[in-house]
Structures are given as structure tokens and as C-alpha cells.
1. Computed over the Cα atoms of chain B, what is the convex hull's projected area averaged over all directions, in nm²?
2. Just to be sure I understand: with springs between alpha-carbon atoms less than 10 Å apart, which residue in A:82, A:11, A:108 has the highest mean-square fluctuation in the Gaussian network model of chain A?
3. If you line up the long axis of helix A:48-69 against the longest principal axis of chain A, both from Cα atoms, how many degrees apart are they, to the nearest 10?
4. Against the longest alpha carbon principal axis of chain A, how many degrees, from 0 to 90 and to the nearest 10, is the axis of helix A:79-95 turned?
5. Which value in Å is the Kirkwood Rh of region B:79-120 over different Cα pairs?
6. Treating the point 7 Å from Cα along Cα-beta-carbon as the label, what are the nm separations from residue B:121 to the other copies, to one decimal?
7. Place the label 7 angstrom along Cα→C-beta at residue B:34 and in each other copy, then list the distances from the first to the rest in nm, shortest first.
8. How compact is region B:2-69 by the rule of thumb for globular proteins, expressed as Cα Rg over 2.2 N^0.38 Å?
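What follows is calculated from the coordinates using simple rules that are stated; it is not laboratory data. For clarity, every value in this text was computed on a predicted model and none was experimentally measured. Note that each Cβ is placed from the backbone with ideal geometry, even for glycine, and that neighbours are counted across all protein chains shown.
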């Protein structure tokens with residue numbers, strides 16, 4: 001399961017609060033705290049398979065929500081637009097640096113880069 | 001209920017697919033097709049109150065998801081950043097128009113405006 005950590009972290013970031021407390025706890029320990037199934041099982045006093053079932057059900061529940069809503073897909077579709085804005089602001093800085101040396105243009109392009117950076121987080 | 005149409009349309013846009021088919025249908029007729037509760041009731045052969053209950057439950061279900069996840073809040077928090085990018089690109093165009101008349105700068109600023117526009121939709 002851990003080869004899908006990035007996707008799982010995204011799902012958890014968006015939909016984690018829709019899980020049961022137990023699902024959320026096990027999921028967090030496994031993917032974010034990087035405990036093994038066996039370690040979680042020992043801490044909780046249940047079987048490794050029991051832990052696995054809870055996590056697999058949590059994944060399935062979040063994936064089903066994403067399949068229906070496409071919200072993460074929508075967020076990720078923003079990325080190429082943000083990258084294009086960053087590239088264009090960078091080119092403005094380069095042209096200005098080489099040719100005009102206007103501090104207002106530098107400042108405005110930097111502001112665009114900062115604001116775009118805030119959107120990428 | 002209809003004084004909250006904007007908020008309801010946002011909720012439906014994000015979370016509508018998580019409703020039951022019946023909730024989705026009534027919600028759509030009421031908020032998007034602008035039918036009255038009485039009209040929906042007559043079409044469906046149920047009471048006006050029955051229609052109202054379905055819609056109110058749909059609203060509550062979606063609002064609960066938003067209260068937990070904050071996804072719409074997150075999307076809306078992007079708006080001031082997008083507005084700042086648009087403002088800065090506009091200023092770059094103005095400075096360039098008045099002083100440098102460089103077609104590359106115009107084109108790059110326009111590209112930033114186009115890409116930002118795509119993110120606002």
C-alpha cells in the first residue's frame with residue numbers, strides 16, 4: 001500500500017475528516033507517521049489484518065468520494081496554469097533585467113511569483 | 001431557502017455527486033431549474049413538505065461535508081491571490097504601455113491574465 005503514499009496523502013488531506021476517528025487514526029499512523037501494520041497492531045492490541053482492513057476501507061471510502069466529486073482532479077488541473085504564470089513572470093523579469101532595469105516591473109513580477117507560490121501550497 | 005442560492009449552488013457543484021439520486025434531482029429542480037416546491041411536488045406526486053424535507057436533508061448533508069473538509073473555503077481562499085496577480089499583470093501592462101512599448105511584455109502580461117482567468121472559472 002505504501003507505494004501509493006502521495007495519492008493517499010492527497011486523499012487524506014482533502015477527505016480525511018470524513019473518515020471515522022479510528023480510520024483516521026490508523027491511516028495517519030501508517031502513512032504520515034510511517035508505522036508498520038504490525039507496529040500499529042501491537043499498539044492497538046488487534047491483529048495486523050485488522051489494522052489492514054481498517055486502512056483499506058478508509059482508502060476505498062476516500063477514493064470513492066474522489067471518484068464521484070473529482071475535487072482533487074480539479075485542484076490538480078490548476079497546476080499547469082500556475083506553472084505558465086510562473087514562467088511568464090520569470091520571462092518578464094529576464095527581459096526587464098536585460099533591457100529596462102525598471103524596479104517597478106521587478107517588484108510586480110516578484111509579487112506575481114509570490115502570489116502564485118501561495119496558490120501552489 | 002432560495003435566498004441562499006449562491007451558497008447552495010457552490011455546495012451542489014462540489015458535493016452534489018455525493019447525494020442520493022433523489023436528493024440530487026430535487027435539489028437541481030429547485031435551485032438550478034428554479035421550480036417551486038409546489039411544482040416539484042405536483043410533478044412527483046408527493047407533498048410539498050415531502051419535497052422540502054428531501055432538499056433540506058440534501059443541504060444539511062452537503063453543509064456537513066463542507067464543515068468537516070473546508071474544501072470550498074480552501075478554493076475561495078485562492079480568490080484574493082488571483083486578484084492580486086491580475087492587478088499586478090495589469091500594472092505591468094500600464095507601465096509598459098506608457099514607457100517601454102515592448103510587445104513581449106504585453107504578450108507575457110496578457111498570458112498571465114489569461115491563465116489567471118482560467119483559474120477563476
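1. Values: hull surface 38.3 nm².
That works out to 9.6 nm².
2. A:108
3. 40 degrees
4. 30 degrees
5. On the way: mean 1/r = 0.0971 Å⁻¹.
Across region B:79-120, the inverse of the average 1/r is 10.3 Å.
6. 2.9
7. Ordered by distance, the counterparts are at 5.7 nm.
8. Details: Rg = 11.4 Å, N = 68, 2.2 N^0.38 = 10.9 Å.
Expressed relative to 2.2 N^0.38 Å, the Cα Rg reads 1.04.
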